[in-house]
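The values are calculated or read from the model by the stated rules, or taken from the named source; none is laboratory data. Owing to the predicted nature of the structure, the values given are computational and were not obtained by experimental measurement. Backbone-built Cβ (ideal geometry, glycine too); neighbour counts: all protein chains shown.
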Amino acid sequence: MSLHSHLTTNVLWFAQPVFQLAVAVVFWRRRLYKQFPVFLAFLLAQIGVFAVTYPIYVLSGYSTLGYFWIFWLSQALNAVLGFKIIHEIFLDVFRPYHALKDLGTPVFKWAGLVMLLVSVVVAASNSLDQDPIAHAVLTLQRSVRLVQVGLILFLLLFSRFLGVSRKQVSFGIALGLGFWAAVELMTLALRTGGFIGVANMNLINMTSCDFAILTWLGYSFSRTVVRDAPANYLQTQRWERGLADLQAGTEDDSLIPMFEGMVERAFSRSSNLEDIDRRLGLAKPPAPVRTKSAAAGSKAQK
């Protein structure tokens, strides 16, 4: 790495905790931490990790064992907090829709468990030339990055259906996370293909991280925006009522009673339609059933 690149990397790295501290102070003074406590914890964790890893890097460099363990443990913590931030944004976006929010919460729990299991399996099946802990953390981090990119794409496509304004703080948090995650995934793909080196990849990733933090800082100063109420009366309300009707018919949390109720309602509706058709004369009357005794009596009369 050249002297200019080394100096640029240090400046970009040192700017991250400064910007993060500014965002945390604004969140605390505006009491936004009550709405986004996990995001504030993420910012404070980033500042704490920098306070520990930067002195070790200056004194000993990357090759020390202490820096290795602190770095990868901090990456694992960032992946877990990043996934929790996605859930926090989801709860804020679907706050008016209780049925959709209740449905999405267990989905997030199962998704987190699946990503954790995939990381453990990848670490267990990893070759001996790579560290299994680093490979597992990288797999978990990439999975979280993919979900973060999907989150911002979801908000961009469905914000008008959900009544979410693009000036909301939750949208700004998702925008910063999504941009940062997309750049990291792109540079990782370029690095794997041999198109860029490690130094350029680190510069691009640090620049995207600083840009994301500046995005959060700008949204933290913005005024509180009320949700777009007229957009809530269209398709999303029908989704909410549909899930509410399914949940109202079941007292148990299991899916089996819910499906049983759906089948019973379907059969009752079909039987009601048949009764209406008979009354209107649209359905054919059932054919009489002839018994053996009736057939014998008709023969005797002949």
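Tell me which residues, restricted to the range 204-218, are within 17 Å of ILE152 (Cβ to Cβ) and either touching a Ser or Thr at 6+ places or on another chain (Cβ under 8 Å) or buried (at least 16 other Cβ atoms within 10 Å of the Cβ) (or both).
Residues satisfying the conditions are SER208, CYS209, ALA212, ILE213, THR215, TRP216.
Can you tell me which condition TYR54 does not meet? The list is (1) farther than 20 Å from VAL147 by Cα; (2) of a type in the set (Ser, Thr, Tyr); (3) without any contact (Cβ under 8 Å) to a residue 40 or more places away in the chain, and all the others hold.
Among (1) farther than 20 Å from VAL147 by Cα; (2) of a type in the set (Ser, Thr, Tyr); (3) without any contact (Cβ under 8 Å) to a residue 40 or more places away in the chain, the lone unmet condition for TYR54 is (3).
Within the bounds of the range 140-149, is there any residue that is surrounded by 16 or more Cβ atoms within 10 Å (Cβ to Cβ), under 20 Å from ARG95 (Cα atoms) and of a type in the set (S, T, N, Q)?
Yes, because at least one residue in the range 140-149 is surrounded by 16 or more Cβ atoms within 10 Å (Cβ to Cβ), under 20 Å from ARG95 (Cα atoms) and of a type in the set (S, T, N, Q).
Filtering the range 135-165 down to residues that are in a helix (DSSP H, G or I), over 17 Å from the mean Cα position of the chain (by Cα) and of a type outside the set (Lys, Arg), which residue is farthest from ALA76 (Cα to Cα)?
It comes out as PHE161.
Looking only at the range 166-176, count how many residues are touching a helix residue (DSSP H, G or I) at 6+ places or on another chain (Cβ under 7 Å) and either among the small types (Gly, Ala, Ser) or not in a helix (DSSP H, G or I) (or both).
5
Among THR236, THR215, which is in contact with a Gly (Cβ under 9 Å, 6 or more places away or on another chain), of a type outside the set (A, V, I, L, M, F, W, C), at pLDDT 90 or above and in a helix (DSSP H, G or I)?
Testing whether each residue is in contact with a Gly (Cβ under 9 Å, 6 or more places away or on another chain), of a type outside the set (A, V, I, L, M, F, W, C), at pLDDT 90 or above and in a helix (DSSP H, G or I) leaves just THR215.
Search the range 25-41 for residues that are at negative phi and pair each with any residue that is at pLDDT below 90 and loosely packed, with under 15 Cβ neighbours inside 10 Å when their beta-carbon atoms are under 7 Å apart and the residues are at least 6 apart or on different chains.
These pairs meet every condition: VAL26/PHE221.
Within the bounds of the range 83-95, is there any residue that is modelled with pLDDT of 90 or more, of a type in the set (Val, Ile, Thr) and crowded, with 17+ Cβ neighbours inside 10 Å?
Yes - at least one qualifying residue is present in the range 83-95.
Taking only the range 219-230 into account, find how many residues are surrounded by fewer than 19 Cβ atoms within 10 Å (Cβ to Cβ), modelled with pLDDT of 75 or more and within 23 Å of the chain's Cα centre (by Cα).
0
Would you check if ILE196 is over 20 Å from the mean Cα position of the chain (by Cα) and over 21 Å from VAL18 (Cα atoms)?
yes
Every residue, every condition in (1) touching a residue at least 24 places away in the same chain (Cβ under 8 Å); (2) surrounded by 15 or more Cβ atoms within 10 Å (Cβ to Cβ), yes or no:
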residue	(1), (2)
GLY163	yes, yes
ARG166	no, no
ILE173	yes, yes
GLY176	yes, yes
PHE179	yes, yes
ALA189	no, no
PHE195	no, no
ALA199	yes, no
ASN202	yes, yes
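Kindly list the number of the only condition in (1) surrounded by fewer than 14 Cβ atoms within 10 Å (Cβ to Cβ); (2) outside any loop (DSSP other than H, G, I, E, B); (3) modelled with pLDDT under 90 that fails for GLY48.
(3)
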